[in-house]
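Report on the following structure.
The values are calculated or read from the model by the stated rules, or taken from the named source; none is laboratory data. Nothing here was measured: the structure is a model prediction, and the numbers come from that model. Cβ: placed from backbone, ideal geometry, glycine included. Neighbour counts: every protein chain shown. Note: accessible area is taken over every heavy atom of the protein model, side chains too, but ligands, DNA and RNA are not part of it. Shrake-Rupley method; radii C 1.70, N 1.55, O 1.52, S 1.80 Å.
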Amino acid sequence: MTILDPRRLVGQEGESAAEQYLRKKGYRIVARNLRSSVGELDLVAEDGRVLVFVEVKARRTDAFGGAIHAVHQRKQKKLIQLAAQYLSRYHIKDRLCRFDVVLLQGTAAVAPQIEHIQNAFEVSGDDLRW
């Protein structure tokens, strides 16, 4: 039996809640927890014809300024690299893509507050080559 780090457990619960939330909004989840040497993509989804790379941030409290502050410029750069790897691996070209962030605050025992930020940050064509 594996004992999970409490922070990792909060993250897994948050990803499950975000996945359910996005499905209810009509998104189709195509991948979850894709790992590479660069890091991990939490969710990859389709919103109509748009391929969406979703970063999930779950926090029990807003003690550190809330979850939005965890998606800083360095994290954005990593997400862009991960998305480029995904697109290359699956030979996806000429597809509209965007980056969303789903913020969850609270615990699983009490329904967490969920904030969905579509197109959370801009990516220039030179940064993300697909």
Phi to ³J(HN,Hα) by Karplus 6.51 cos²θ - 1.76 cosθ + 1.60 over region 84-98, Hz, x for Gly, Pro:
4, 4, 4, 4, 5, 4, 9, 6, 9, 10, 6, 10, 5, 9, 8
Any residue on another chain or 5+ positions along whose placed amide H is under 5 Å from the amide H of R60 is listed here as G106
Name the residues whose placed amide hydrogens come within less than 5 Å of the amide hydrogen of A31, ignoring near sequence neighbours (fewer than 5 apart) on the same chain.
V44
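Report the charge-dipole magnitude of region 15-101 in Debye, nearest 20, computed about the Cα centre from +1 at each Lys and Arg Cβ and -1 at each Asp and Glu Cβ.
Result for region 15-101 is approximately 100 debye, rounded to the nearest 20.
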Counting only protein heavy atoms and using a 1.4 Å probe, what share of the accessible area of region 68-122 belongs to carbon plus sulfur, as a whole percent?
49 percent
